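Here's the structure, in structure tokens; my notes come after.
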Amino acid sequence: MARRLPENEAALLPFRAEIDRIDAQIVELLARRFEVVKHVIAVKKTEGLAALLPERVEDVVEKVCAQAETQGVPPELVEKLWRILIQWVIDYENERLG
């Protein structure tokens, strides 16, 4: 049963719908990124590379923070999100690289 929104929350509905659409797009992009990660794992296995490549981590974080600034997004938010994402991927890779 749908919850009836208080009158003062009803004005948020169009914004919530837009946020939901954006969230769906973010998940789609994460799925694309994850597919690439699977290929990275295969190359790392073949080449004997470690999951954690510290220089690459810092390069990625630097790039996304710079892009965040140009887009008006707080770089601190982007850095925190990407470091969590990268650590998750490193853990995932480590599980598969043995």
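The values are calculated or read from the model by the stated rules, or taken from the named source; none is laboratory data. These numbers come from a predicted model, not from an experiment. No Cβ is skipped: glycine too gets one built from the backbone with ideal geometry, and neighbour counts run over all protein chains shown.
Observations on the model:
- Number of the condition not met by I84 [criteria: (1) outside any loop (DSSP other than H, G, I, E, B); (2) touching a helix residue (DSSP H, G or I) at 6+ places or on another chain (Cβ under 9 Å); (3) among the aliphatic types (A, V, I, L, M); (4) within 29 Å of G98 (Cα to Cα)]: (2)
- K44 satisfies every condition listed in (1) without any contact (Cβ under 8 Å) to a residue 40 or more places away in the chain; (2) closer than 18 Å to D91 by Cα except (1).
- Among residues of the stretch 69-88, those that are under 13 Å from the mean Cα position of the chain (by Cα) and not β-branched (V, I, T), counted: 9
- Filter pass, E79 being surrounded by 11 or more Cβ atoms within 10 Å (Cβ to Cβ) and closer than 19 Å to L30 by Cα: yes
- In the set Q87, Q71, only one residue is loosely packed, with under 11 Cβ neighbours inside 10 Å and modelled with pLDDT of 95 or more; that residue is Q71.
- Yes/no for L53 being farther than 30 Å from L97 by Cβ, surrounded by 11 or more Cβ atoms within 10 Å (Cβ to Cβ) and among the aliphatic types (A, V, I, L, M): no
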